[in-house]
Every structure is written in structure tokens, then in C-alpha cells.
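Chemist: One structure, pasted below without further comment.
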Amino acid sequence: MNYFVAYNTDVGIRKNTNEDSIAVKVLDTPGGRAVFAIACDGMGGLSAGELASKEVIMAYCNWFDTSFAPMAANEAVDRDQIMEEWRSLALAENSKLGSYGLQKNAGLGTTLSAILLYQGQYLIIHVGDSRIYEMKDDEVRQMTEDQSLVAREIAAGRLTPEEALRDSRRSILLQCVGASATVEPAFYQGIAVPETSYLICTDGFCHEISHEEMLEQLGPRACVNATVMRQNCMYLTELIKQRKEQDNISLVLLKTY
């Protein structure tokens, strides 16, 4: 399986600092091409959120280089081992950022959403409310569940999805890396097939566009090559800014073929 890759990140219309961090890594292995993409939405104000998201991004990219790459080179990829390594890394980063925050007397943390596509399968780790979507010809599916207060209220029937979009508690997370006493990541796995788009994004990308707009611009039919994908990512980012989204806006787009 092969991949087209595109990405975009924008500080947005209100904030002075982009606290989002994104990364994508592609590796040719004896078992085929692998792609790893990650998005982290930092929080803490000033440089704290930026530091938290960048720290977690770097930790997982280092994992890809030092753990996954040798595993794949030896054709010994163990998905259970990968998930356990991801979980241990999330716990270690939570402790590291928590200790740093105590030293600096500053609260800081970050969401974490990452996907690994390899040999026709996907693995996902998720903490917080950044999102991963799967798009096929006529379908958009949110693969991750938001770990937020409003998502819990929706599940309990106390809020509608429309009410949640404007709720003042929208930014309250149930857990994040760095600012939670403990972190328990969610994991998802399944089959990846050709002619599918995967979107990894921070929550600033999600609020002001519809699934129909997402599918039209980022779905597999629209993703004819990486250049067009990049242009469409930038187009939607500008559209979201025109609709007065207040947060940073970041996304990574992958298309299988």
C-alpha cells in the first residue's frame, strides 16, 4: 500500500502562539511502506502549551525511529508490543510534563492522537479531544471518541451535539498528557484499505465545517495527489478562519492507494 501525504497548521485569528504540533513520518520497510502521523494540541498559555505538544510529538517520532524502524526492518512488527510501548510513553510523558509544571508553577498539557498505517492495518492511540477521521467515497467516520466534558454530557443525553458546539465548557478535557494525575490512552485498530483518506486534526479544525465539506475537499476522490491535498487543507483552514474559529488549526491528511 502507498500513501499521499499533506498537512497544514495555522495560528488562527485570535491566539498569538500556535500551541498545536503535528508530524508525519514515512518509512520503506521489507514489509512495505509505513506511515505514522500525530497531532497534539497543547494547553497552558504562552509557551507552555507549545512546549507540551512539541515534547510529546518528539517523543513519539523518536519512538518511530528507534523502536518501530528496527522492528519493521527485521520483519518482527508486534502490534500488541507497539500499543504497550505507546501506552508506556504516554505515561512517561504525563509524568515528565507534570513534574516540569510543578517546577515552573505552571499547568501545561497536551492532547495526543496518532495513527500508524502498515501492512493494510491501522493502529491509533488517543488522549483528549483531537480527532482522527476515516473517509471513504461517501462516508465520514470519526474513529476516536472525544475525552471531554461535553462529549460525556452528549453521551448522557444532557447535551445535543449542536448545543455542545457553543457550550462554554467545550474546552474542558477529562484527561490530557501532562495535566492529569493519571492517563489511560484509548486504542483503536482495524483494517486499512486503498482509496481511503485519514485525517488527524486538532479540535480547532472540527468545529466550523461539516462532514460534507470535509468529504468534498479531503475525501479519497478529492485526494488525487499530494499537491491538491495540500491546497485543499489550506482552503479549509482559511474557510474555518473566515467562520471565526478561535483556536489554532492543524491537520495531517493521508490517502491510501
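Chemist: Hey, Gln147 hits all of (1) closer than 30 Å to Glu216 by Cβ; (2) open to solvent by 60 Å² or more (accessible area, probe 1.4 Å); (3) within 15 Å of the chain's Cα centre (by Cα) but one; which does it fall short on?
Modeler: Checking Gln147 against (1) closer than 30 Å to Glu216 by Cβ; (2) open to solvent by 60 Å² or more (accessible area, probe 1.4 Å); (3) within 15 Å of the chain's Cα centre (by Cα), the one that fails is (2).
Chemist: In segment 110-138, what residues are open to solvent by 10 Å² or more (accessible area, probe 1.4 Å), outside any strand (DSSP E or B) and under 24 Å from Glu195 (Cα atoms)?
Modeler: If the condition is that a residue be open to solvent by 10 Å² or more (accessible area, probe 1.4 Å), outside any strand (DSSP E or B) and under 24 Å from Glu195 (Cα atoms), then Gln119, Gly120, Asp137, Asp138 are the ones that fit.
Chemist: Right, next: Consider Ala90 carefully, then state whether it is in contact with a strand residue (DSSP E or B) (Cβ under 8 Å, 6 or more places away or on another chain), open to solvent by less than 10 Å² (accessible area, probe 1.4 Å) and either touching a residue at least 60 places away in the same chain (Cβ under 8 Å) or more than 23 Å from Ile22 (Cα to Cα) (or both). Talk me through it step by step, then tell me what you get.
Modeler: Numbers: in contact with a strand residue (DSSP E or B) (Cβ under 8 Å, 6 or more places away or on another chain): yes; open to solvent by less than 10 Å² (accessible area, probe 1.4 Å): yes; either touching a residue at least 60 places away in the same chain (Cβ under 8 Å) or more than 23 Å from Ile22 (Cα to Cα) (or both): yes.
So Ala90 fits the description; yes.
Chemist: Right, next: So in segment 157-166, with the set limited to residues that are of a type outside the set (Gly, Ala, Ser) and open to solvent by less than 70 Å² (accessible area, probe 1.4 Å), which one is nearest to the chain's Cα centre (by Cα)?
Modeler: First, the residues of segment 157-166 that are of a type outside the set (Gly, Ala, Ser): 158-163, 165-166.
Still in the list and also open to solvent by less than 70 Å² (accessible area, probe 1.4 Å): 159-160, 165.
Details: Leu159: 25, Thr160: 24, Leu165: 19 Å.
This residue is Leu165.
Chemist: Same structure, new question: Only one residue in Ala164, Ala186, Ala179 is at pLDDT below 95, out of contact with any helix residue (DSSP H, G or I) (no Cβ under 6 Å at 6 or more places or on another chain) and among the aliphatic types (A, V, I, L, M), so which one is that?
Modeler: Ala179
Chemist: What are the residues in segment 171-191 that are under 23 Å from Lys54 (Cβ atoms) and not in a loop (DSSP other than H, G, I, E, B), if any?
Modeler: Within segment 171-191, Leu173, Val177, Ala186 meet the criteria.
Per-residue answers, yes or no, for (1) basic (Lys, Arg); (2) part of a helix (DSSP H, G or I); (3) touching a Ser or Thr at 6+ places or on another chain (Cβ under 7 Å):
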{"site": "Arg152", "(1), (2), (3)": "yes, yes, no"}
{"site": "Leu159", "(1), (2), (3)": "no, no, no"}
{"site": "Glu163", "(1), (2), (3)": "no, yes, no"}
{"site": "Arg169", "(1), (2), (3)": "yes, no, no"}
{"site": "Glu212", "(1), (2), (3)": "no, yes, no"}
{"site": "Val224", "(1), (2), (3)": "no, no, no"}
{"site": "Val228", "(1), (2), (3)": "no, yes, no"}
{"site": "Cys233", "(1), (2), (3)": "no, yes, no"}
{"site": "Leu251", "(1), (2), (3)": "no, no, no"}
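Chemist: A further question follows. So Ile200 passes all but one of these: (1) in a loop (DSSP other than H, G, I, E, B); (2) within 25 Å of Lys54 (Cβ to Cβ). Which condition number does it fail?
Modeler: (1)
Chemist: Looking only at segment 24-54, filter to residues that are surrounded by fewer than 20 Cβ atoms within 10 Å (Cβ to Cβ) and closer than 26 Å to Gly98 by Cβ; which one of those is modelled with the lowest pLDDT?
Modeler: Ranking the qualifying residues of segment 24-54, first place goes to Leu46.
Chemist: Test Gly107 against the criterion of being open to solvent by 50 Å² or more (accessible area, probe 1.4 Å), in contact (Cβ under 8 Å) with a residue 24 or more places away in the chain, in contact with a helix residue (DSSP H, G or I) (Cβ under 6 Å, 6 or more places away or on another chain) and not hydrophobic (A, V, I, L, M, F, W, C), and give yes or no.
Modeler: Values: open to solvent by 50 Å² or more (accessible area, probe 1.4 Å): yes; in contact (Cβ under 8 Å) with a residue 24 or more places away in the chain: yes; in contact with a helix residue (DSSP H, G or I) (Cβ under 6 Å, 6 or more places away or on another chain): yes; not hydrophobic (A, V, I, L, M, F, W, C): yes.
So Gly107 passes the test.
Chemist: Can you tell me which of Arg141, Arg169 is modelled with pLDDT under 95 and either open to solvent by 60 Å² or more (accessible area, probe 1.4 Å) or over 30 Å from Trp63 (Cα atoms) (or both)?
Modeler: Details: Arg141 fails: modelled with pLDDT under 95.
The unique qualifying residue is Arg169.
Chemist: Would you say Ile240 is under 28 Å from Thr17 (Cα atoms) and either modelled with pLDDT under 95 or of a type in the set (A, V, I, L, M) (or both)? Please lay out each step first, then the result.
Modeler: On the way: under 28 Å from Thr17 (Cα atoms): yes; either modelled with pLDDT under 95 or of a type in the set (A, V, I, L, M) (or both): yes.
For Ile240, the condition - under 28 Å from Thr17 (Cα atoms) and either modelled with pLDDT under 95 or of a type in the set (A, V, I, L, M) (or both) - is met.
Chemist: Here's something else I'd like to know. Only one of Leu174, Leu251, Leu239 is in contact (Cβ under 8 Å) with a residue 12 or more places away in the chain, closer than 23 Å to Gly12 by Cβ and either among the hydroxyl-bearing types (Ser, Thr, Tyr) or open to solvent by 20 Å² or more (accessible area, probe 1.4 Å) (or both); which?
Modeler: Values: Leu174 fails: closer than 23 Å to Gly12 by Cβ; Leu251 fails: either among the hydroxyl-bearing types (Ser, Thr, Tyr) or open to solvent by 20 Å² or more (accessible area, probe 1.4 Å) (or both).
Being in contact (Cβ under 8 Å) with a residue 12 or more places away in the chain, closer than 23 Å to Gly12 by Cβ and either among the hydroxyl-bearing types (Ser, Thr, Tyr) or open to solvent by 20 Å² or more (accessible area, probe 1.4 Å) (or both) holds for just one of Leu174, Leu251, Leu239, which is Leu239.
The values are calculated or read from the model by the stated rules, or taken from the named source; none is laboratory data. The structure displayed is predicted, hence computed values, not measured ones. Virtual Cβ from ideal backbone geometry, glycine too; neighbours counted across all protein chains shown. To get the accessible areas, we keep the full protein, side chains included, count just its heavy atoms, and leave off ligands, DNA and RNA. Shrake-Rupley method; radii C 1.70, N 1.55, O 1.52, S 1.80 Å.
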